[in-house]
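The values are calculated or read from the model by the stated rules, or taken from the named source; none is laboratory data. Computed from a predicted model, the values in this text were never measured in an experiment. Don't worry about glycine lacking a Cβ; one is built from the backbone with ideal geometry, like all the others, and counts go over all protein chains shown. Heads up: the accessible areas ignore ligands, DNA and RNA and are worked out on the full protein's heavy atoms, side chains in. Shrake-Rupley method; radii C 1.70, N 1.55, O 1.52, S 1.80 Å.
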Amino acid sequence: MSESNPFDDLGFDPRQVERLVSIHYYGRSGSIFLQSLLDGHPDVLTFPANYLGGYYSFWLEYGELSPLHIVKAFLHHYEVLFDPTTAEEVFDAGAYTGLEYDFDKMGPNHDEALGVDRQRFGDILLKKCMIEVGDFENGRLERKFFLQALHVAYAEALGRDLTGRRPLIVFQAHTPHVDVIEKLFADFVPRIRFLHSLRDPIATTASWFNEMMRFLDDPPLVLPRRTLGRSIDHAKPILSQHLNKDIIDQRLETDPDTQRAISWVAEHSRGVRLEDLHTRPRETIEKICAWLDLAWHDCLLESTFDGKLWHWSTGGRTVSGFQTTTIKQSHSDAVSWFDRLRLRFFYADKYAAWDYPLAPWYRWPLLRLLSFGLWFIPFRFEMVLWRRRKAKSREEWREVFLYYRDMRQNIFSRWYSEFKKPIELLKRL
């Protein structure tokens, strides 16, 4: 009797996976938590956290190789899939990515680790590649197919049977930059959606600033400007925030294909508030399911990765699931009451668009313009940064002053250009 060929049964065809939702953050707004709620759904294919966010950077470097060498390169660079404690760098995510999210402390007793078997995953992935090409050494894979194959192989390596399912890839692109999604858009349109996690604008600004101060050994003087600039840009559908800017080639303004793409992405982008996820989980997740055409499953009320309970650290505490610790943080170490007054005028459009409570006078155009007269006093997060940098010489203090002036000019200019010609903000689910 002849031995059976292990490649006779290639299993679920990755080409059947045509739907994808790309998840993005607005500041620190729980995008990973949002993804974790979708993890256990039987129709969802996803990798833990932002492991695969740098897929297109990987493809740019290795996509021209033969299928066998692409698979080998992937297994080498994504060691974190098999060992969450590895220091091996992940494309566009950095080193110690698994430890950053406490993926070595999963489960109810914090004693389980994420990870699939390397050999099993590699074998399944090679089988999937056989569906696309018959020659491992000389054939060529398409980048969309390999992304589909990765998700199917990972699910099957976890022991999942996809027979009869309508899989949806949940892709944690994370950063809402155009270079992150332009290739996803090209590969999966029209079956792609963009889901953004939202949060109270002042809270997420302060939280992001504090996180950068914690991680950066030598935070740059421009950090406050970056913090505020991101809060302006990231509130919009991704193509809108980039391709409608004045700095982009003016030809794009009249290019019909570009304008159609901007409109399409805007129409298929939505935001979900972190506060709603924690305080009204079922109602909020049902809206997400309806938008994504997913059937309801009770597993959507569990925060997991690879089906294992996930915990994370916030405000010096370890939490899991639905709670109010995160959304109740005041971040008074970064923003004072006077800062909040000024920032309410600054963020008034976002508070209105996303239904956050705000007194009506904060939205009055004249008061919003006049409120910039209050910016002559430094923000608390600026003073925190200056104290940490400890300027001593005259030249160092001169740099601080130049930053102080340039930040206000830069942020006001960006804010005012959109004040005059508004770009539609993300629509809330």
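Observations, loosely collected:
- Per residue, the accessible area of the range 232-383 comes to 48 Å², computed with a 1.4 Å probe over protein heavy atoms only.
- Solvent-accessible area, 1.4 Å probe, carbon plus sulfur percent, for the range 1-119: 47
- Calculated FRET efficiency for the pair D255/L366, C-beta based, R₀ 45 Å, to 0.05: 0.80
- C-alpha long axis of helix 201-215 to longest principal axis of the chain, angle in °: 70
- Over the chain: helical MRE at 222 nm, DSSP H runs n ≥ 4 each giving -39500 (n - 2.57), nearest 500: -13500 deg cm²/dmol
- With all protein chains modelled, accessible area of R143 [1.4 Å, Å²]: 60
- GNM on the chain, alpha-carbon springs under 10 angstrom: the most fluctuating residue among W337, W354, W264 is W337.
- The trypsin sites (Lys or Arg not before Pro) of the range 284-332 meeting both criteria, a DSSP state outside H, G, I, E and B (loop) and at most 12 other C-beta atoms within 10 angstrom of the site's C-beta, are K328.
- Charges were assigned to the Cβ only: +1 to each Lys and Arg, -1 to each Asp and Glu. The resulting dipole of the chain about its Cα centre is roughly 2620 debye.
- Between S207, S31, S330, the Gaussian network model of the chain with springs among Cα atoms under 10 angstrom shows the greatest mean-square fluctuation at S330.
- Label assignment, P(r) over Cα pairs in 10 Å bins from 0, in percent derived from the structure, set (i) 4, 18, 24, 23, 18, 10, 3, 1, 0; (ii) 4, 16, 22, 21, 15, 9, 5, 4, 3, 1, 0; (iii) 4, 20, 29, 25, 15, 6, 1, 0, 0: (iii)
- Rounded to the nearest 10 degrees, the angle from helix 256-267 to the longest Cα principal axis of the chain is 90 degrees.
- Prolate/oblate/rounded call for the range 304-429, Cα gyration tensor, a/c under 1.5 rounded: oblate
- Taking 7 Å steps out from each Cα toward its Cβ at A186 and F338 produces label points 5.0 nm apart.
- Potential extension, K328-E399 segment - 0.36 nm per residue separation minus Cα distance: 22.0 nm
- Rounded if a/c under 1.5, otherwise prolate or oblate - the range 263-345, Cα gyration tensor axes: oblate
- Charged neighbours of R273, selected by a Cβ distance under 9 Å, balance to -2 (K, R count +1; D, E count -1).
- For the chain, the share of DSSP beta bridges that are antiparallel, to the nearest 5, is 25%.
- Low-density loop cleavage sites - GluC sites (Glu not before Pro) in the range 125-196, where at most 12 other Cβ are within 10 Å (DSSP): E137
- Folded to 0 to 90 degrees: helix 143-157 orientation relative to the chain principal axis, Cα: 70
- Estimated distance in nm for a label pair at S57 and K390, the labels positioned 7 Å out from Cα along Cα-to-Cβ: 3.2
- Within straight-line cross-link reach of K72, lysines at Cα separation under 17 Å, skipping those fewer than 8 residues along the same chain: K127, K128
- Unsatisfied cross-links (Cα-Cα over 27 Å) in the set K287/K308; K287/K328; K236/K308: K236/K308
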